[in-house]
Amino acid sequence: MAKGNLKKIIQEAQEIENPKSVEEELDPKLSLHKKTIDQIQAEYRLCWLFMHPKINEWLLRLRIYNNQKRSKDDVGDNLMFTIHQTVLANLYDDEFNALFGGREEGDEIKAENLNMLARYDAQNEMNKDMIDYEWDWDATFFGRGYTLLNDFDRDSKTPLPEVIDPTTLVRDPRCVALNGDAFGRSAARFFGREIRMAMYEMKENGSYFNLNLLRKETTNLQSLVGEAREARRDAQGFDNFLSKENSLTENYEYSILQWFTHIGGEKYVIELANSQNLIVRIAKLPWKKWPIIERSIFPISHDFDGVSIPDLTEDKQRMRAVLINLGVDTAKADLYGMYLFDQNKIKNRNDLNFDFNKWIPVDGPVGDAVQVMEKKQISRSVDFILNLLEAGAEKASATPASQQGQISKESRTLGEIELVASRSGVRYSLPAKIFGWSEKRFWEQWYRVYDKNFHDGIDRKSIRLVGSFGPKWVEFSKEDIKTENKLGPDIEIESRVVSEAKRLRRYQILSQYMGFALQDQFSSARYARKKMGQLAGLKKDEIDRLLPATVDEMDAERENEFLSENKPMPIRLEENHVEHLEMHKNAKDTKALINHVEAHKEAMRRSRIRPELYPGLARPQPPETKINAPNERVSERPAIQNAA
């Protein structure tokens, strides 16, 4: 849609003053406002008819997951809860670290700034730990979880992620993912969700209009939020209080359809109220992709839904509950059985009621006056089926008893237990890697939201870093975090569990190799100590405190600022050229840097002939390469200028 058309839609929507003028102004042939509403209503009906059966199934599973409204005489099985919580705990325990890197030379400092900013936002402003739990919960239970990352908090200068309830979202039936496959193919043309907002929330947002035309809805047969809330409350054993909502005034929640769609080939988010007949918000999205990040646990190729934990466990839990309750009934029958008695010998039937120290009179010899009525006993096949159902769920989800924190029923050796644990870990590493896909897309969108809303020359953000020297404050502007490449920074997602295992293995290998390598007279012991500190898990500021920067390293770092701007810098004879060359690798590739590096190399070549002129050179020269220089006095040590 052209920019003029968007303004026309908003203008028409805002000019509506009362319901009567709505009918007069919204001409289906002439009004863009009416055409937009008709388009959204048609798309919503298609999505609702497609998704409603699936949503009803999800709501039924939520009741099975935590059913508090069942008969008090029945016993519920918790297989689904046990398996789901075990998988969720293992995946949630594994943290994902986003590591930013520059796409071009000279972006290393900005990438490091992004790393600091991302860690601060995740731990403080965005509450990423809570977001991840809800996101992981939805992914494991519904097969796919959604996080919307489109808004930006102007007060804290932070992107605002929101986890979307899958039971309130309906989507394009044709898509394989909302943003399509790896190349964006088969993406959703439209999708949306129902939200509930009070009047004061819309006013605080500032982007809503037509608020004076909002009215309460008496009935909404397609209310997804209403169905979801009612199902959850019903499962918890609470009565449905949604019918009492209409009695509220100031804090009444209005039902709003938040719809993402294409108009004129452009992406928009449009919100409708009053049973989807009144536009209250229109915003053109600045992104090439939808600002929603999807997370799957067991995706199926070329399929949207994939497999969830309830898909694997619901049928087994239902059957186990049936068998368990039949077993309970049989146990009760053993205590309160059926009996045959001789009514000629026992005249009063009340004598058969149980009581302590009770004497029952019998007319004649006792004999067989009372006899237990035989009944069918539970066969061993029932226990076999119960164990088979549980084993099937455990195999499908890779959650054996040991993974759940239980002692195995069978006697196993330590080697067998360790083998089961390792194989289970391999199975868990697959969904963990799949979760890494969504984590990378999350931080890519996080950077785009900053790039769009963090204004250059206006906005500044201060973050608190806690290091080995205590807390310190760092302030960023947009120039400090925006990379030169329009694609943004490179992002690498690293699993904490996987990275820890790799780091420890590398530490063990290099610790043995370093002992051998440091015997060489040309080896860099300082680099070796820093590298081992990194592999030992020490932070950069901790390593810098243990191994403070030398004068040459500080000088070279200062020179990098000028060299990156293509400003020539001279070298001095007393410098440690090896350390300078190591530090100059971080500078931007300019002509001044190339000349400066060549000057360092030339100084190192001359040191082979006149070593007494270069006392700062750290590396000793091998005996076979030293050349005896003639004895002569040197009054001064001139600087070597770069070859311009």
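The values are calculated or read from the model by the stated rules, or taken from the named source; none is laboratory data. Bear in mind that the values here come from a model prediction, so they are computed numbers and not experimental data. All Cβ positions, glycine included, derive from the backbone under ideal geometry; neighbour counts span all protein chains shown.
Look at the stretch 532-546: where a residue is in contact (Cβ under 8 Å) with a residue 40 or more places away in the chain and a partner is surrounded by 15 or more Cβ atoms within 10 Å (Cβ to Cβ), sitting 6+ places away or on another chain with Cβ atoms under 8 Å, you get E542/G533. Of all residues in the stretch 292-315, those being of a type in the set (V, I, T) and free of Cβ contacts under 8 Å to residues at least 60 places away in the same chain number 1.
Beta carbons closer than 6 Å, at least 6 apart along the sequence or on distinct chains, pair a first residue in the stretch 351-366 that is part of a loop (DSSP other than H, G, I, E, B) with a second that is surrounded by 10 or more Cβ atoms within 10 Å (Cβ to Cβ) for I360/D351; V362/K345; V362/A369; D363/K345; G364/K345.
Answer yes if at least one residue in the stretch 487-497 is surrounded by 12 or more Cβ atoms within 10 Å (Cβ to Cβ), at pLDDT below 75 and touching a Lys or Arg at 6+ places or on another chain (Cβ under 6 Å), and no otherwise. No, because not a single residue in the stretch 487-497 is surrounded by 12 or more Cβ atoms within 10 Å (Cβ to Cβ), at pLDDT below 75 and touching a Lys or Arg at 6+ places or on another chain (Cβ under 6 Å). Tell me, yes or no, whether the stretch 51-74 has at least one residue that is at pLDDT below 65 and assigned to a loop (DSSP other than H, G, I, E, B). Yes; the residues of the stretch 51-74 include at least one that is at pLDDT below 65 and assigned to a loop (DSSP other than H, G, I, E, B).
Would you mind stating whether E253 is crowded, with 16+ Cβ neighbours inside 10 Å, within 18 Å of L160 (Cβ to Cβ) and acidic (D, E)? So E253 fails the test. The set of residues from the stretch 187-218 being in contact with a strand residue (DSSP E or B) (Cβ under 7 Å, 6 or more places away or on another chain) and assigned to a loop (DSSP other than H, G, I, E, B) comprises A188, R189, F190, S207, Y208, F209, N210, L214, E217. Here the stretch 149-186 is the region considered, the condition is being of a type in the set (A, V, I, L, M, F, W, C) and part of a loop (DSSP other than H, G, I, E, B), and the residue that is farthest from R232 (Cα to Cα) is F183. For the stretch 38-60, the set of residues classified as among the charged types (D, E, K, R) and surrounded by fewer than 19 Cβ atoms within 10 Å (Cβ to Cβ) consists of D38, R45, K54, E57, listed by residue number. Residues satisfying the criterion are absent from the stretch 14-27 (criterion: surrounded by 14 or more Cβ atoms within 10 Å (Cβ to Cβ) and modelled with pLDDT of 90 or more). Report every pair of residues separated by at least 6 positions or lying on different chains whose Cβ atoms are under 8 Å apart, first residue within the stretch 557-582 and touching a residue at least 24 places away in the same chain (Cβ under 8 Å) and in the same structural domain as V597 (by TED's automatic domain parsing), second exposed (fewer than 15 other Cβ atoms within 10 Å of the Cβ) and β-branched (V, I, T). Sorted first by the residue in the stretch 557-582, then by its partner, the pairs are N576/T550; E579/T550. Screening the candidates R460, R448, R464 for the property of being touching a strand residue (DSSP E or B) at 6+ places or on another chain (Cβ under 8 Å) and modelled with pLDDT of 80 or more yields one hit, R460. Which residues, counting only those in the stretch 330-350, are closer than 29 Å to V75 by Cβ and either in a loop (DSSP other than H, G, I, E, B) or modelled with pLDDT of 80 or more (or both)? Matches in the stretch 330-350: Y336, G337, M338. Number of residues in the stretch 429-460 that are part of a loop (DSSP other than H, G, I, E, B) and free of Cβ contacts under 8 Å to residues at least 12 places away in the same chain: the value is 1.
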